[in-house]
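Data block below; observations after.
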Amino acid sequence: MRSPAYPVTDDHIHIDPVNGRGLEAAKDFLRAGGTHLFLVSKPSWSLGVHPSCGADYAKVFDETLRVAEMIRETGIEVFPVLGVHPAEISRLTERMPLKEATALMKAGLDCAATCVREGKAVALKSGRPHYDVSPELLAASNEVLSHALQLAAESSCALQIHAETGPCADVVEMAGAAHMPVDRVVKHYGSPDTPLHPSLIAKHEALPRLVREHRRFTMESDYMDENARPGAVIGPKSVPRYTNKLVAAGQMTPEDCFFIHAETVEKLYGVTVQLK
């Protein structure tokens with residue numbers, strides 16, 4: 001395979017060899033021109049894990065790290081992102097009181113932060129439900145998110161957040177209270193109007209404009225790799241395909257690619273992005 005002319009990084013992707021295409025999906029990313037990816041841990045229930053204590057989340061994280069090693073063998077550079085999906089609070093409260101569910105999610109994040117401090121992962125993941133919930137559930141979710149922000153600040157790492165559509169401007173104040181740099185809080189499936197760092201779906205219509213404005217953003221597929229939902233959210237080839245499409249159209253230069261897929265990624269996550 002020919003060496004790539006520029007890096008292409010997917011900021012948020014799932015690869016699941018048990019419930020999805022696994023390494024074949026990763027190879028699709030590679031063949032399309034992808035070079036680096038941020039492998040995000042899946043919700044616990046999707047891996048058959050039903051936690052009752054924080055340590056139970058280690059099963060999810062260990063599986064994510066195992067898959068990361070498998071993907072690296074294909075030649076892709078992998079950066080693991082570990083955390084507790086915010087929708088877990090809805091499932092947990094079906095079998096325990098809200099207070100216990102909140103504490104359990106915090107404990108799971110503690111476990112993820114340990115992996116970051118040990119150098120096994122580069123960032124944390126948290127957030128709040130992207131669907132309507134009761135005021136009590138929202139308050140508990142924000143409590144979990146605040147805890148994640150504190151852990152990220154203490155661990156000197158970035159935090160990806162999964163939340164409702166929109167700018168999530170109130171998270172700026174939450175980050176400030178946690179002494180977390182807001183430019184290292186990543187709005188997964190974000191929009192250009194967020195004051196947080198926007199991670200944009202690869203086909204976002206604003207990409208050409210943001211490139212012209214020399215804005216900092218990252219690109220993602222949010223590929224879920226589940227056989228029951230093939231191609232959701234968009235396929236594993238999407239970030240390299242859309243990047244190459246923009247380059248071919250003259251809307252992005254190779255220098256822009258290095259700025260978006262390498263320099264911005266390095267600044268955001270404290271990693272090194274190099275071509276092999």
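Computed from the coordinates by the stated procedures, all read-outs in this text should not be read as laboratory data. Fair warning: this is a prediction, and the values are worked out from it, not measured in the lab. Neighbour counts are summed over all protein chains in view; Cβ atoms, including those assigned to glycine, are modelled from backbone coordinates with ideal geometry.
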Among Gly75, Gly190, Gly34, which one shows the highest mean-square fluctuation when the chain is modelled as a Gaussian network with alpha-carbon springs under 10 Å? Gly75
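Considering Cα pairs under 8 angstrom that are at least six residues apart, work out the relative contact order of the chain and quote it in whole percent. Walk me through the numbers on the way to the answer.
On the way: 545 pairs, mean separation 60.6, N = 276.
This gives 22 percent for the chain.
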Within the range 171-276, GluC sites (Glu not before Pro) in DSSP loop having at most 13 other beta-carbon neighbours inside 10 Å: Glu205, Glu213
Listed residues Ala177, Ala58, Ala153, most fluctuating in the chain (Gaussian network, C-alpha, under 10 Å): Ala177
From the list (1) 19.7; (2) 25.3; (3) 18.6, can you say which value of Kirkwood radius over Cα pairs in Å was derived from the structure given? (3)
Met219 long-range amide H proximity, modeled H, under 5 Å: Asp11, Leu200
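What full-extension length gain, to one decimal in nm, is calculated for Lys99 and Arg216 as 0.36 nm per residue of separation minus the Cα-Cα distance?
Working: separation 117, 0.36 × 117 = 42.12 nm, distance 3.80 nm.
Additional length available on full extension: 38.3 nm.
What is the sum of charges around Asp16, taking Lys and Arg as +1, Asp and Glu as -1, for the other residues whose C-beta is under 12 Å from the C-beta of Asp16? Display every interim value, and only then the final one.
Details: positive: Arg21, Lys42, Arg66, Arg229; negative: Glu24, Glu63, Asp225, Glu226.
Around Asp16, the surrounding residues sum to 0.
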Once each part is reduced to its C-alpha centroid, what is the distance from the range 197-276 to the range 90-106 in angstrom? 35 Å
Please give me, ordered by residue number, the trypsin sites (Lys or Arg not before Pro) of the range 1-79 that lie in loop per DSSP and have at most 12 other Cβ atoms within 10 Å. Arg2
Past the 21 Å Cα-Cα mark, which pairs from Lys59/Lys187; Lys27/Lys267; Lys203/Lys267; Lys187/Lys267; Lys42/Lys245; Lys203/Lys237? Lys59/Lys187; Lys27/Lys267; Lys203/Lys267; Lys42/Lys245
Stokes-Einstein, Kirkwood over Cα pairs, the range 23-84, 10 °C, 1.306 mPa s; D in µm²/s equals 129 µm²/s
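Between Ala169 and Ala228, 0.36 nm times their residue separation minus their Cα-Cα distance comes to what?
Values: separation 59, 0.36 × 59 = 21.24 nm, distance 3.41 nm.
Result: 17.8 nm gained on full extension.
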Find which of Leu246, Pro195, Pro208 sits farthest along the positive direction of the dipole of the range 9-269, computed with +1 on the beta-carbon of Lys and Arg, -1 on that of Asp and Glu, about the Cα centre. Leu246
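Please give the charge dipole size of the chain, origin at the Cα centre, charges +1 on K and R Cβ atoms and -1 on D and E Cβ atoms. Round to the nearest 20 debye. Before the final figure, lay out the partial values.
Working: 29 positive and 35 negative charges, 137 e Å.
Computed about the Cα centre, the dipole is about 660 debye.
At 222 nm, what helix-only mean residue ellipticity would the chain give, in deg cm²/dmol to the nearest 500, using -39500 (n - 2.57) for each DSSP H run of four or more?
On the way: 10 runs with 106 residues, N = 276.
Value at 222 nm, helices only, nearest 500: -11500 deg cm²/dmol.
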